[in-house]
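S.K.: Right, I'll just put the structure down here and ask away after.
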Amino acid sequence: MSKPSSFSLRGRKALIAIKDERDATIVRRQFERLGIDIVTWDGGANIDCRPDVALIDDEFLPLTSPAQRAALGRSPVIALLGTETPSRLKLVLDLDPASFLVKPLRSASAWVCMT
């Protein structure tokens, strides 16, 4: 009798806030393969879930509302970087990200980051 793996991502929630539809499609496809539920956020409204992980595009920064920051809770943030300007990097670092991905994304980069 085999013991089920204790490392499973099925049923976890990921918040994705990505402007570029191509990048968003890559992330959605990889998360679906891992069994992760996806919540998409467009940057305008408050975040209405407690995600297990959040992928936030640097184009959505800063998170100005205290409610937006609080909704992320203690979930790890993966920042998607498309620019290297000091002001943009400061906004990303203010999120205290657990990881970074450089845009444009490729399916291999999203896979490596989550496994």
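The values are calculated or read from the model by the stated rules, or taken from the named source; none is laboratory data. The structure presented is a predicted model; accordingly, all values stated were derived computationally and were not measured. Reconstructed Cβ throughout: ideal geometry from the backbone, glycine too, with neighbour counts over all protein chains shown.
S.K.: Could you list all residues from the range 69-106 that are assigned to a helix (DSSP H, G or I) and under 14 Å from the mean Cα position of the chain (by Cα)?
M.R.: Matches in the range 69-106: ARG69, ALA71, LEU72, VAL92.
S.K.: Right, something else. From (1) in a helix (DSSP H, G or I); (2) over 10 Å from the mean Cα position of the chain (by Cα); (3) not hydroxyl-bearing (Ser, Thr, Tyr), pick out the condition that doesn't hold for ASP48.
M.R.: Among (1) in a helix (DSSP H, G or I); (2) over 10 Å from the mean Cα position of the chain (by Cα); (3) not hydroxyl-bearing (Ser, Thr, Tyr), the lone unmet condition for ASP48 is (1).
S.K.: Let me ask another. Among (1) buried (at least 20 other Cβ atoms within 10 Å of the Cβ); (2) touching a strand residue (DSSP E or B) at 6+ places or on another chain (Cβ under 7 Å); (3) assigned to a helix (DSSP H, G or I), which single condition is LEU55 missing?
M.R.: Here LEU55 meets the rest and fails (3).
S.K.: How many residues does the range 4-22 contain that are modelled with pLDDT of 90 or more and in contact with a Leu (Cβ under 6 Å, 6 or more places away or on another chain)?
M.R.: Total meeting the criteria: 1.
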